[in-house]
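Input: a single structure, listed below in structure tokens.
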Amino acid sequence: MKKGFPGYTAYGQPGPESPRVSDNVDEERRFYERQCLAAIFAEFATQTNSADLLRRERGLELRGIELEGTYPDTQLLIKFFDRDRREAPRRFPLWADVSVIGGNKRMSPRAVASLILTNLQEP
């Protein structure tokens, strides 16, 4: 049996195993988590209307994004201020069942980022 977690393709489509980062499963998990972090940064950077939309419609001003915790409890922590300038963090678990597709395949980091943005924009 191979070590590591199954691969992914863009938008969570099942695909071949991703290239091996190392023989250490913990390093591969952390690599995936960092890819998800980079993907959410990219989503906010390339979809400039996302941050504006959150500010206008939800009253949330983006303040930062970081990884919090370790496997299996790793979360993407997205820090916001609300309309009253109070901290309004949102947490998204990366290893939750919602990010698993097709049995045991993980969603791609890009698909995870898109799902998070969708969840943030909905009331």
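The values are calculated or read from the model by the stated rules, or taken from the named source; none is laboratory data. Here the structure is a predicted model, which means the values were calculated and not measured. Note: ideal-geometry Cβ built from the backbone for every residue, glycine included; neighbour counts use all protein chains shown.
With respect to Arg58, determine if the residue is in contact with a strand residue (DSSP E or B) (Cβ under 6 Å, 6 or more places away or on another chain), in contact (Cβ under 8 Å) with a residue 12 or more places away in the chain, among the basic types (Lys, Arg) and surrounded by 13 or more Cβ atoms within 10 Å (Cβ to Cβ). No; evaluated as a whole, the condition is false for this residue. Test Pro16 against the criterion of being modelled with pLDDT under 50 and buried (at least 17 other Cβ atoms within 10 Å of the Cβ), and give yes or no. No, not satisfied.
Are any residues in the range 26-52 within 19 Å of the chain's Cα centre (by Cα) and at pLDDT below 85, and if so, which ones?
Restricting attention to the range 26-52, the residues satisfying the condition of being within 19 Å of the chain's Cα centre (by Cα) are 26-51.
If the condition is that a residue be within 19 Å of the chain's Cα centre (by Cα) and at pLDDT below 85, then Ala45, Thr46, Gln47, Thr48, Asn49, Ser50, Ala51 are the ones that fit.
Among the candidates Asp97, Asp23, single out the residue that is among the acidic types (Asp, Glu), within 22 Å of Ala111 (Cβ to Cβ) and modelled with pLDDT under 80. Going through Asp97, Asp23 in turn, the sole match is Asp97.
The strands (runs of 3 or more DSSP E) falling completely within the range 30-123 that include 1 or more residues that are among the β-branched types (Val, Ile, Thr) map to 61-68, 75-81.
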